[in-house]
Each structure stands twice: as structure tokens, then as C-alpha cells.
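To start, the structure itself, in C-alpha cells.
The values are calculated or read from the model by the stated rules, or taken from the named source; none is laboratory data. Everything quoted here is computed from the prediction, not taken from an experiment. Quick reminder, even Gly has a Cβ in these numbers, built from the backbone with ideal geometry, and neighbours come from all protein chains shown. Surface areas here come from the heavy atoms of the whole protein model, side chains and all, with no ligands, DNA or RNA. Shrake-Rupley method; radii C 1.70, N 1.55, O 1.52, S 1.80 Å.
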Amino acid sequence: MSTAEKTRPADARRDDSRRDEAAAPATVVVHGAERLTAVTVDACNSQLRDEDGFIGDRARRAAFFEALERGRALWPADALPMLGDTALDAISKKQVDELLENGSPAEQALVLSAVEDYAGELATVIRRLLRTKDWRDTRRIAIGGGLREGRFAQIAVARAQMLARAAECDIELTPIRNHPDEAGLIGAAHLAPSWMFASFDNILAVDIGGTNMRAGIVKLSLEKAPDLSRARVKEMELWRHADEEMKRDEAIDGLIAMLKGLIAHAEEEKISLAPFIGVGCPGKILADGGIETGAQNLPGNWESSRFNLPHALWEAIPEIGGRETVVVLHNDAVVQGLSEAPFMQDVEHWGVLTIGTGLGNARFTNRTPPKEDAAGDAKSKGKETGKDGEKERGKGSK
């Protein structure tokens, strides 16, 4: 054990067990790369602080519900008949939307007040990001993460844009166009080496979050759109791991079971899979596949210098279709943002914020400058795309 590991608290090392190995997969790849096929990753996982801690925490998913709870304390119970005494952690996004649409005047006012509070915090975070060197000249930010699907959240984002512009911060906020359960899987297609596109039109993708893990088969649809703008999730498994108490190795075993289930399904359905697994994971990703910081919301200790997630997956699935597996790991906000890359070609610098258990962020520069028309205006690539035979499955057995 290294000196650094010896000085770590015992609870931080408690599940550093059979997968605590620094060995890399046989196929050497660069994880967390800055230079990708379509974009350069200028920054990710930016941490802004003030005297009260991380500023990004003000705009995480829980911040909205905390604002809702503060407002609820100002009303008598009989003024909130639909909300009642529902516990804070049991209030769903759907329930908030129902309060906004059909609640009593007090309940509607409560939601609108929380929207205003949250929008103010989100606008503050955005303005602070845009003042940093890495985020300077950003023209558009895509908003993703689990909160994005609520109507109330969409209103909050629109209000945040108004507040930012009122403060002379010229920024456009747009929702990520794919469902939040799918965007982090679709973005993984942009991590695959280009040589795979010559022979395969389906890949395996993984999106690891503080609440859920998702694994899926992504159909690239390259014959329809070589820029991956028509990529779609063909098959998906979702596991809400936060509901279970477990160690890191148990979480990895569950993820591997999901992947093996998808591989078996592909074989049954005659789906030709590329020998590739693209993975998005919270934290600062090192070139060797280690996770330096930012994985504190995952079960167990994923930041051990002796743990390597790509190697753990490769060791369990060394081949796909008789070919050696390539596993590529990147920050989850980066991967979710990459799902928007084909639709951001009309701006040079753009970013993504993922609102979930934490507030993920990434800023990109397109490697191809935006094209201009005769009038000198950039041409937008905002394509309308349709679904492509997606189907959700339950978590595979471990």
C-alpha cells in the first residue's frame, strides 16, 4: 500500500477489494481525452467556490426541492391539499408539474416561488462560469440531467436565461433534445474510434450517475447521418442503485450483468455490436482510466489509486463478437454534452450543464469553425429527429 493510501481514512478504503488493481486493459486508449473527433473539451467538472462552499451546489436538483420546502413552511396545511404532508424526498417531478397545473392557488404560488428562487441560483452559477477563462465566449449552453424533463424545470431554465440576459450576459440556454435517460448513452458514440464506424452500426454505452446506472445499445444510424445526429438508443437497462446499500464491487457486478444481458440480447436479435463500450462517469477522469475526484456520490470508493473502472469492465468482458473489447471512459457531463455536438455546429464555443445529484458541467470548442451564409450569419443545424425503435428493459440479474 502506498503512503498516500495509508493516510486515507479507513472508511474511504473500506471496499478497496478484489478490483483494486492499477493494470490497464490490453488495448491502450486515452481516457478523459481533451481532443475528440468533433470537439475539443476545454473544461469539465469546473468547481466554483465561495465562502459558503461549492457554488454549483446551489443549482443541483435538490436545491429546487429545498426551495419548495422552505415555501411550504409559510402555508397552513389546508392551503396545500394536493401536496399535503408529502415528505420532501418523496415529492416527484411529476407531482410538482401537477401542482403547477392543477394545484390550489397557494400550491401554484409555491411552485412558482421555488422556480424563481432556483432560476436565480442557476443564473448566478452560469454568470460565474462565463467569467472564468475556460468558459469565456460561450454562446450556448445545453441543459441536461434528470431535472430537465419536468415542465417546472423548463420554466426555471427559461427564467434563468431571462435573468442572465437582464444582467447583460448574452447566453442561450437550450434543453438537451434527447431524453435524459438516453443522452448520456448517445453521447458515448462520439468516444468510439472512427475505424469502428466502417464495420459496425451499434455500440454498447454506459451512463453512471449518483442515483442511477444505465446501459444500452446505441444504434448509430450512420447511413442516415454520418455526424451521428440520428443516433438512437435501441435497447436500455436502468438500475436505481441509490435505493440499495452496497459496496463498489457489488455496483460493478450489477453493471457488468446489465452489459452481459445486452450482449446476449444482441446475439439473439442478430444485432452486430462493435467491440466497444463507451462509459460516462462522474468525476475528473485521468488518462489511464483512474478517477481523481468527483465520484463521492457513487457507492463505495471509486477514487482509489488502485481501482480502474475501464480495466474492471474489460476484465469481465474482454471480447465482443470475437474481437478484443475497447473501453473508453470520460466525464459524464462531457458524454451527455456530446449528444448535442451535431446540433451545435452553428456556434464555435458551447457548453452543457447536467442537473442531477450534483451539477455537472463541460465546455466545448467545435473543431470545425461554424459555416456562414451569404449574409454572414451562422447556419443552424437544429435538426428535428425522430425515435428509432427504442425499448426499455428492467435491470439484469446480478
Which numbered condition trips up residue 275, out of (1) in contact with a strand residue (DSSP E or B) (Cβ under 6 Å, 6 or more places away or on another chain); (2) open to solvent by 10 Å² or more (accessible area, probe 1.4 Å)?
(2)
Looking at segment 53-76, is at least one residue in contact (Cβ under 8 Å) with a residue 60 or more places away in the chain, within 30 Å of residue 345 (Cβ to Cβ) and in contact with a Pro (Cβ under 7 Å, 6 or more places away or on another chain)?
no
Filter segment 229-270 down to the residues that are among the hydrophobic types (A, V, I, L, M, F, W, C), part of a loop (DSSP other than H, G, I, E, B) and either modelled with pLDDT of 95 or more or open to solvent by less than 10 Å² (accessible area, probe 1.4 Å) (or both) and list them by number.
231
Counting only residues that are surrounded by fewer than 22 Cβ atoms within 10 Å (Cβ to Cβ), of a type in the set (Gly, Ala, Ser) and touching a Leu at 6+ places or on another chain (Cβ under 7 Å), how many does segment 167-195 have?
0
Tally time: how many residues in segment 84-94 are under 20 Å from residue 149 (Cβ atoms) and either outside any helix (DSSP H, G or I) or at pLDDT 95 or above (or both)?
3
Out of 288, 332, report the one residue that is touching a helix residue (DSSP H, G or I) at 6+ places or on another chain (Cβ under 7 Å), of a type in the set (D, E, K, R) and open to solvent by 30 Å² or more (accessible area, probe 1.4 Å).
332
Could you tell me which residue of segment 118-153 is farthest from residue 71 (Cα to Cα), considering only residues that are of a type in the set (S, T, N, Q) and crowded, with 17+ Cβ neighbours inside 10 Å?
138
Can you tell me which residue in segment 339-389 is most open to solvent (accessible area, probe 1.4 Å), limited to those that are at pLDDT below 90, more than 23 Å from residue 209 (Cβ to Cβ) and not in a loop (DSSP other than H, G, I, E, B)?
372
Looking at this structure, is residue 107 open to solvent by 60 Å² or more (accessible area, probe 1.4 Å) and acidic (Asp, Glu)?
no
Residue 294 is checked against (1) under 29 Å from residue 201 (Cβ atoms); (2) surrounded by fewer than 24 Cβ atoms within 10 Å (Cβ to Cβ) and fails just one. What number does that condition carry?
(1)
Residue 106: modelled with pLDDT of 95 or more and either within 20 Å of residue 84 (Cβ to Cβ) or touching a Phe, Trp or Tyr at 6+ places or on another chain (Cβ under 6 Å) (or both), yes or no?
yes
Just to be sure, is residue 217 open to solvent by less than 30 Å² (accessible area, probe 1.4 Å), outside any loop (DSSP other than H, G, I, E, B) and either among the polar types (S, T, N, Q) or in contact with a His (Cβ under 8 Å, 6 or more places away or on another chain) (or both)?
yes
Counting only residues that are in a helix (DSSP H, G or I) and within 25 Å of residue 135 (Cα to Cα), how many does segment 186-209 have?
6
Single unsatisfied condition, residue 170 versus (1) within 18 Å of residue 60 (Cβ to Cβ); (2) free of Cβ contacts under 8 Å to residues at least 40 places away in the same chain
(1)
Answer yes or no: is there a residue in segment 155-166 that is within 18 Å of residue 350 (Cβ to Cβ), open to solvent by 30 Å² or more (accessible area, probe 1.4 Å), without any contact (Cβ under 8 Å) to a residue 12 or more places away in the chain and of a type in the set (D, E, K, R).
yes
Which residues, counting only those in segment 271-283, are among the aliphatic types (A, V, I, L, M) and not in a loop (DSSP other than H, G, I, E, B)?
277, 279
